[in-house]
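The values are calculated or read from the model by the stated rules, or taken from the named source; none is laboratory data. Just so you know, these numbers come straight off a predicted model, no measurement behind them. Methodologically, a virtual Cβ is constructed for each residue, glycine included, from the backbone with ideal geometry; neighbour enumeration extends over all protein chains shown. When the accessible area is computed, the model is the full protein with side chains, heavy atoms only, and any ligands, DNA or RNA have been set aside. Shrake-Rupley method; radii C 1.70, N 1.55, O 1.52, S 1.80 Å.
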Amino acid sequence: MSTSLQTSNETPDICGAQWLLLWTTAAYSPELPSREEKEVLETFFHKFQDLCRDGPYANGYSRAIRDHGPPPVTSRRELMLWLCTAENRCLKAAGLPTNRCRYFDLMSRWRYADGYL
């Protein structure tokens, strides 16, 4: 989750790649998932293996789950806002500027307006 992820999808390390996967999965999840879709999202987000183990962002995702509970999967909006808050905690701990957690801005950043899904 390097600061470059704020404007680019190029990831220099496993931490950035991990956050990129989390963000794009959330952005393309259903707005209001069905029961079956919620089960899939819960499995993915709740059991996600935090591979970011070195550097200023080390264990940020697993720490967010430990300290604040797993990401909610009842809606895309709640999931995206949880990820933004979790990422901001990592950025703040690393001494970096945080991002605004506005749903519209997050969707503009992580989901292309191409009509896909």
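How large a share of the accessible area of the chain, in percent, is made up of carbon and sulfur atoms when the probe is 1.4 Å and the other protein chains stay in place?
Details: 3680 of 6680 Å².
C and S fraction of accessible area: 55 percent.
Over region 46-97, what per residue volume does the convex hull of the Cα atoms give, in whole Å³?
On the way: hull volume 3.6 nm³, N = 52.
Cα-based convex hull of region 46-97, divided per residue, equals 69 Å³.
Probing with 1.4 Å while keeping every protein chain in the model, the per residue accessible area of the chain equals 57 Å². Here the dipole of region 45-117 is about 120 debye; that uses its Cα centre as origin and unit charges on the Cβ of Lys and Arg (positive) and Asp and Glu (negative). Applying 1/(1 + (r/R0)^6) with R0 = 41 Å to the Cβ-Cβ distance of Glu10 and Arg35 gives a FRET efficiency near 0.65.
An ellipsoid equivalent to the chain, defined through the eigenvalues of its Cα gyration tensor, has semi-axes of 22, 17, 13 Å when rounded to whole angstrom and sorted largest first. When the chain is described by a simple charge dipole with +1 on each Lys and Arg Cβ and -1 on each Asp and Glu Cβ, the residue from Ser108, Gly16, Asn88 located farthest towards its positive end is Asn88.
Computed from Cα atoms, the angle from the helix 76-93 axis to the main principal axis of the chain rounds to 0 degrees.
Remark: C-alpha extents of region 5-52 on the principal axes read 36, 22, 9 Å, sorted largest to smallest. For the chain, the cysteines with no partner cysteine C-beta closer than 4.7 Å are Cys90.
Which peptide among 40-53, 77-90 comes first, and what is the full order, when sorted by highest mean count of other Cβ atoms within 10 Å?
On the way: 40-53: 14.7, 77-90: 19.4.
By packing density, highest mean first, the sequence is 77-90, 40-53.
Working note: 222 nm ellipticity from helices only, DSSP H runs with n ≥ 4, each -39,500 (n - 2.57), summed and divided by the residues of the chain, gives -16500 deg cm²/dmol to the nearest 500. Once Rh for region 74-117 is found with the Kirkwood sum over Cα pairs, what is the Stokes-Einstein diffusion coefficient at 25 °C and 0.890 mPa s, in µm²/s? This corresponds to a translational diffusion coefficient of 216 µm²/s. For region 57-103 and region 10-50, what is the separation of their C-alpha centers, rounded to whole Å? Cα centroid to Cα centroid, the span is 12 Å.
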